[in-house]
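What follows is calculated from the coordinates using simple rules that are stated; it is not laboratory data. Keep in mind the model is a prediction, meaning the values are calculated, not measured. Positions of Cβ are backbone-derived with ideal geometry, glycine not excepted, and every protein chain shown enters the neighbour counts.
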Amino acid sequence: MTTAEKTRGRFGIYGGQYVPETLIANLNELEAAYDVAQADPTFAAELELTLREFVGRSTPLYFAERLSTDWGGRVFLKREDLTHTGAHKINNAVGQALLAKRLGKTRVVAETGAGQHGVATAAACARLGLECIVYMGALDCERQRPNVERMKLLGATVVPCEAGSRNLKIAINEAIRDWICRPADTHYLIGSVVGPHPYPTIVRDFQSVIGREAREQILQREGQLPDAVIACVGGGSNAMGIFAGFVDDDVELHGVEAGGHGTTHAAPLNSGTPGVLHGAMQYLLQDDDGQILDTHSIAAGLDYPGVGPEHSFLRDIERAKYHVVRDDEAVSAFKELSRNEGIIPAVESSHALAYAKRLLSERPGLSVIVNLSGRGDKDLPSLMERGLL
Amino acid sequence: MSLNAIKAAFEKAHSEGRKALMPFLMSGHPDAEGFARNLAEAGRYADVIEVGVPFSDPLADGPVIQAAAAQALKAGTSLASTLAAIARRKSGPPVVLMLSFNQVLAHGLDEFAARLAEAGVSGAIVPDLPFEESDALQLAFTQHGLAFVSMLAPTTCASRMKTILEQAYGFVYLISVAGVTGTRDTYPSETIEYIRTAAQIARVPVCVGFGISKPQHIEQLREHAAGFIVGSALIRSIDQGGTIADILAPLREACDATITTGTNQ
């Protein structure tokens, strides 16, 4: 295949396959297997059944009546928090685990930030009898302890990563290194729309069920499309999943990055520049010598210096807008949803909620769908320790 | 120093009946002065020297080189400080850099190539820039007379190996086994077959890296390889207070030993 022919992995200038030579064969193998699987009705049926009976799809589109009144608009929540294992991550985990099985792989490695992707992968692997190793930053192991225990219970080996920033970025480094060392029997089950081609496409496709359902549900309930769709963006998989359902419509797409304390943050689409990390060209937080900068967010799942290549492209062409929400704003939204609607959201998803509130205060009366990507039980110990609840 | 310097270094080794030895040093490790000293000292044993520019998030490095990179970064090592240290050398074998593509991109491809050429660097190895993505950097390197060094892995299929080797400059870096950098005991027979296949097709010298730490490794693999890269073993020795000679002298001897069988580059 010549360079010119190989354009599939690009979203504008973003994406590509910037990986060590050892992994090229695996990526080609994965791409080929994915193409075959997509054309195979058996695979579609297997995935559909898994999503229905194991994951618990479809998830409801919930009209948040009290929030709507308080915020001055119509607020709908896409309830990914109600999926099995408690976050949208499971949609991709079951899809890729089925692919891994088709590829004849016996061992799955994954990275995790908040632990939701790790738990989802551990569950998907347990169901299919695949060995599962999850790399998790040591800092994240501390702040998301309940998920570490869940992964172990599901039979996964959790490897805490002590290097550098001890968070998601480091976990991805370690997972990729593991894969380089055992490419033959191992599938790298990446958890977001990041990494080398074909991952950003595969993960988006598996997550696009969120957008497909939400579009159908809002049309059924309201008889019209929403004005805006809002989702938090770390790597950006829940956002790509819901955006996929509306990207061809006249609907505003809003991604919300983690603003951290303000000075230290995890908002590459707002404050970064294009570069290459973890196999893809994307917006990055980096210094002028190309070193990746440390990030901070209260949300482990958003605490990442890069962002998916497709988001980078949507930003440049201005099809989606990307905003910043700080830790304290996210925590307020976390509490507000808990008290006013009886739903405890993940602190990641709380960033999207906080932006919805801001948007409605600026432009009252809009109809918005917020992707409630996960539930917040996992965040209680950490938020309580910090005295934030 | 340039692509031509690399060619000359391999031709010299070949004409003297030796295998080339390519030690790897991490810029700024164990500190700026130590690196400069080691660079000079390694020059006594090396045909070509590889200098790593530390990156915050290396993918292809094992724990030893990762730790060295982290230490060097913390001490403020940069591309600029690396190039300055290399430019200060009065003599020594050609140097190629090893670094991640983002460290190249940050400076712009042409600017990066110009700065390397100006500092007297001969080329670079960019492990996360595979063949398909490398056109633009190859062009910039060619314009500045630098070698863009391609890599082969045990997972590289036959047709791809041929394509990569047809466009190789300077030398080709053959990754001995699937994995990250680090030392190993022995090599499987597939490794020898894979080096032989590559050497048959290649028009440039085939150098073997990853896991080379002992003379026995070189003895086991030398029939078809033109050179050997030693990284983690050397860095570990430096970390443990050993001298450059401790590691490189015996490897130099193994590279120099008369070759009695087979062919080489």
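Miscellaneous remarks
- The range A:147-264, Cα convex hull volume normalised per residue, Å³: 169 Å³
- Rounded, prolate or oblate (a/c below 1.5 giving rounded, otherwise prolate when a/b exceeds b/c) for the range B:69-110 by Cα gyration tensor: oblate
- Fewest-first ordering of A:Cys132, A:Cys232 by other beta carbons within 10 Å of each residue's beta carbon gives A:Cys132, A:Cys232.
- Ranked list, fewest to most other Cβ atoms within 10 Å of each Cβ, for A:Asp227, A:Asp327, A:Asp250, A:Asp287: A:Asp250, A:Asp287, A:Asp227, A:Asp327
- The radius of gyration of the Cα set in the protein assembly as shown, together with its Dmax, comes out at 25.9, 87 angstrom.
- The charge dipole of the range B:3-256, taken about the Cα centre with unit charges on the Cβ atoms of Lys, Arg (+1) and Asp, Glu (-1), comes to about 480 debye, rounded to the nearest 20.
- Ordering A:170-179, A:276-285 by mean Cβ neighbour count within 10 Å, with the highest value first, yields A:276-285, A:170-179.
- Shape of the range B:37-88 from the C-alpha gyration tensor: oblate (a/c of 1.5 or more and a/b not above b/c, with a ≥ b ≥ c the square roots of its eigenvalues).
- Part-to-part distance (alpha-carbon centres) for the range A:48-106 and the range B:186-265, which is given in Å: 52 Å
- Close lysine pairs were tallied over chain B: pairs 8 or more places apart or on different chains with Cα atoms under 23 Å apart number 5.
- Qualifying lysines (Cα of each under 22 Å from Cα of A:Lys101; at least 8 residues distant if same chain): A:Lys89, A:Lys152
- GNM on chain B, alpha-carbon springs under 10 angstrom: the most fluctuating residue among B:Ala136, B:Ala42, B:Ala114 is B:Ala136.
- Inter-part distance where the range A:318-389 and the range B:34-98 are each reduced to a Cα centre, Å: 46 Å
- The mean of 1/r over all distinct Cα pairs in the range B:1-113, once inverted, gives the Kirkwood hydrodynamic radius of 14.7 Å.
- Summarising the amide proton neighbourhood of B:Met26: residues at separation of 5 or more, or on other chains, whose placed amide H is nearer than 5 Å comprise B:Gly52.
- Charge dipole of chain A (Cα centre as origin; +1 on each Lys and Arg Cβ, -1 on each Asp and Glu Cβ, all else neutral): 680 debye, rounded to the nearest 20.
- Legend: ranking of residues B:Glu50, A:Glu46, A:Glu362 from fewest to most surrounding C-beta atoms inside 10 Å; resulting order A:Glu362, A:Glu46, B:Glu50.
- Cysteines without a disulfide-compatible neighbour (Cβ-Cβ under 4.7 Å), chain A: A:Cys141, A:Cys161, A:Cys181, A:Cys232
- Inverting the pair-averaged 1/r between distinct Cα atoms of the range B:3-256 gives 17.8 Å as its Kirkwood hydrodynamic radius.
- Three-way shape label, the range A:231-389, alpha-carbon gyration tensor, a/c 1.5: oblate
- Bridges between two residues of the protein assembly as shown, per DSSP, are antiparallel at a rate of about 20%.
- What the pair-distance distribution of chain A shows, using all Cα-Cα distances binned every 10 Å from zero, is 5, 26, 36, 25, 7, 0 percent.
- About its Cα centre, the dipole of the protein assembly as shown is roughly 600 debye, where the only charges are +1 on Lys and Arg Cβ and -1 on Asp and Glu Cβ.
- Taking all pairs of distinct alpha-carbon atoms in the range B:155-265, Kirkwood radius in angstrom: 14.6 Å
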